[in-house]
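Remarks on the structure that follows.
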Amino acid sequence: MIPLVITFAVLALIAAVLGFGGIASQFAGIAKILLVVFIVLAIVSYFF
């Protein structure tokens, strides 16, 4: 799941550099959501 977060973060940076602000914010939002999901799953798997 971390590779997906990194992929969307890099896509957001590339889109921001090229001037696509709307797309960059969407990619950044997806990356944030995936990072939160990864952290929650990591914590849950630690306890179970």
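The values are calculated or read from the model by the stated rules, or taken from the named source; none is laboratory data. Given the structure is predicted, the values throughout are model-derived calculations rather than measurements. Virtual Cβ from ideal backbone geometry, glycine too; neighbours counted across all protein chains shown.
Select, from PHE47, PHE27, PHE38, the only residue that is more than 13 Å from the chain's Cα centre (by Cα) and at pLDDT 90 or above. Before the answer, list the steps.
Values: PHE27 fails: more than 13 Å from the chain's Cα centre (by Cα); PHE38 fails: more than 13 Å from the chain's Cα centre (by Cα).
Result: PHE47 is the single residue among PHE47, PHE27, PHE38 that is more than 13 Å from the chain's Cα centre (by Cα) and at pLDDT 90 or above.
Taken over the range 1-26, the residue count meeting the criterion of being among the small types (Gly, Ala, Ser), part of a helix (DSSP H, G or I) and either touching a residue at least 60 places away in the same chain (Cβ under 8 Å) or surrounded by fewer than 15 Cβ atoms within 10 Å (Cβ to Cβ) (or both) is 3.
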